[in-house]
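The values are calculated or read from the model by the stated rules, or taken from the named source; none is laboratory data. The shown structure was predicted, so the numbers you read here are calculated from the model rather than taken from an experiment. As a convention, Cβ positions derive from the backbone with ideal geometry for all residues, glycine included, and neighbour counts pool all protein chains shown. Please note that ligands, DNA and RNA were not included when accessible areas were found on the heavy atoms of the full protein model with its side chains. Shrake-Rupley method; radii C 1.70, N 1.55, O 1.52, S 1.80 Å.
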Amino acid sequence: MTYEVTFLPEGRKVSVRPGMTVLGAARQARIGIRSRCGGKAGCLMCKVDVASGGGTAGDGLSPAGLLEKRKLAGLDSSRTRLACQAKVTGNAVISVPEDPLKAAVRRQLEKAEQDEDDLGW
Ligand code: FES
């Protein structure tokens, strides 16, 4: 038995066995999710958003364990999960946030383009 995990915004899909972590599924799908702690819930760099719920029935992921809940305490969104801790238990749709460094570069480039437009270049 396998489940389908879809990663947004690319829309890339991968079939994985139940119990695989979202981080493992992402690697199988060649989706880049940052990780520094080796999947031990230490770095919090692997945060992703689930399409619905937050480890509740129907979102295709295992409920958040105590460690993950403690690590994510204080976040506004109940949809946020640690990819290294959330396990696939059904078909799931995962939104991967843009890498902060890439986002900063993109914003700088957009600003430079806007400045050029404003100057009429
Ligand atoms: S990989 Fe470090 S917290 Fe998930």
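Residues in the stretch 57-69 that are in a helix (DSSP H, G or I) and open to solvent by 80 Å² or more (accessible area, probe 1.4 Å) were compared, and the one that is farthest from Arg12 (Cα to Cα) is Leu66. Scanning the stretch 22-45 for residues that are touching a residue at least 12 places away in the same chain (Cβ under 8 Å), of a type in the set (Gly, Ala, Ser) and open to solvent by less than 30 Å² (accessible area, probe 1.4 Å) turns up Ala25, Ala26, Ala29, Gly39, Ala41. Scanning the stretch 70-121 for residues that are β-branched (Val, Ile, Thr) and open to solvent by less than 40 Å² (accessible area, probe 1.4 Å) yields Thr80, Val88, Ile94, Val96.
Mind listing whichever residues of the stretch 12-21 are buried (at least 16 other Cβ atoms within 10 Å of the Cβ) and not in a loop (DSSP other than H, G, I, E, B)? Explain how you work it out, then say what you get.
Quick first cut of the stretch 12-21, residues buried (at least 16 other Cβ atoms within 10 Å of the Cβ) only: 14, 16, 20-21.
Those that are buried (at least 16 other Cβ atoms within 10 Å of the Cβ) and not in a loop (DSSP other than H, G, I, E, B): Val14, Val16, Thr21.
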